[in-house]
Amino acid sequence: MLDGSVLVVDAVAGVQAQTKTVWRSIRKHSLPCVGFINKMDRAGASWSQSLKSIQDKLHTKTICLQYPLLAEADGGLNKVVDLVGWKILEWAPPGQKGQPCAITTYNIEDTAGVYNKAHIPNDAIYDKIIAARREMIDNLSDFDEDLMALAMEHDYPNIPIQSIIHSLRQGTIHKHYMPVVLGSALKGRGIQPLLDMMVGLLPSPLERLTHVFLQDKRASQQFPLPENLFCALAFKVLQHPQRGTMVYVRVYSG
């Protein structure tokens, strides 16, 4: 009943045994997937090692869409560079646990092409940000010839954002790679970019399903989705103490 999935990985421990179990289920059902490196507020958190853990243990290509810019004294993540939108995202101090924090957005460069010195500490950090965007676009270009042509015509900071998003969406839907963002769910940081990525990159039901499969112990049959007839799957039955029997249903048509 799912059209897409989100794989959550611990920024300290990386891929664990249960992560592999979830990944096998994602692959079994051939679901497009986006990644979220969580617990970036913990001591010892490493986004680069977490990405390497995903690639080595799950054998899938990752493309990180953010670059961590500034960590608080306690090790928490409060600023990242959005490599796709080419913006700086800054989260407010954490409020109620698990509630999304307010985001303030800043431009990386002014109209003259000078980087934002108030939020980017020095030239070395700016060079790393440029290198991270170049790496992201080069990885996307391996699966998108149109984006490769744009990368040859423009400087990396000036490549159209919509072209990058279109390339990301197609590559995610076709399961060429896993786009990844960073955050801390406990402090409410990184939740909004993750939700935006889910809406923008994962497929809609119309892009995922065109046929219904009926299966029993002897055989399985495939039928086109009826346009005007009601078609649904009851995928879970729950005995609620107050409401009685509850059936969860995924509606496909009608």
Heavy-atom accessible area of the chain with neighbours in place, 1.4 angstrom probe: carbon+sulfur share in percent works out to 54
Gap in Å between the Cα centre of the range 149-208 and the Cα centre of the range 1-17? 17
What does the charge dipole of the chain about its Cα centre add up to, to the nearest 20 debye, if the Cβ of each Lys and Arg holds +1 and the Cβ of each Asp and Glu holds -1? 1500
For 182-189, 214-221, ranked highest to lowest by mean beta-carbon neighbours within 10 Å, the order is 182-189, 214-221
How tilted is helix 47-58 with respect to the longest principal axis of the chain? Cα atoms for both, answer in degrees (0 to 90, nearest 10). 40
Work out the charge dipole of the range 119-250 with +1 on the Cβ of Lys and Arg and -1 on the Cβ of Asp and Glu about the Cα centre, then indicate which of M246, L182, I165 is farthest towards its positive end. M246
Counting each DSSP H run of 4 or more residues in the chain as -39500 (n - 2.57), what helix-only mean residue ellipticity at 222 nm follows after dividing by all residues, to the nearest 500 deg cm²/dmol? -9500 deg cm²/dmol
List the pairs from K175/K236; K79/K175; K61/K217; K57/K79 whose alpha-carbon separation is above 31 Å, in the order I gave them. K61/K217
Cα centroid separation - the range 76-137 against the range 31-62, whole Å: 20
Mind giving me the nanometre distance, one decimal, between the label points for F213 and A118, set 7 Å out from Cα along Cα→Cβ? 5.4
The range 1-69 - convex hull of alpha carbons, volume per residue in Å³: 93
Given Cβ charges of +1 for Lys and Arg and -1 for Asp and Glu, the option among L89, A124, C101 whose Cα lies farthest towards the positive end of the dipole of the range 84-185 is C101
Please report, in whole Å, how far the alpha carbons of the range 52-191 spread along each principal axis, starting with the longest. 44, 42, 24
Going 7 Å from the Cα of S30 in the Cα-to-Cβ direction, what parts of the range 170-194 have a backbone nitrogen less than 12 Å from that spot? 174-175
C-alpha long axis of helix 17-28 to longest principal axis of the chain, angle in °: 60
Could you list, bin by bin from short to long, the percent of Cα-Cα pairs of the range 148-254 in 5 Å steps? 2, 8, 11, 12, 13, 14, 15, 9, 7, 4, 2, 1, 0
Convex hull per residue volume in Å³, alpha carbons only, for the chain: 190
Pick from I88, I173, I130: which residue has the top mean-square fluctuation in a GNM of the chain where Cα pairs under 10 Å get a spring? I130
Rounded to the nearest whole Å², what accessible area per residue is found for the range 127-254 with the 1.4 Å probe? 64
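The values are calculated or read from the model by the stated rules, or taken from the named source; none is laboratory data. These numbers were taken from a predicted model, which means no experiment stands behind them. Using ideal geometry, Cβ is built from the backbone for each residue, glycine included, and neighbour counts are taken over all protein chains shown. Ligands, DNA and RNA are excluded from the accessible area calculation, which covers all protein heavy atoms including side chains. Shrake-Rupley method; radii C 1.70, N 1.55, O 1.52, S 1.80 Å.
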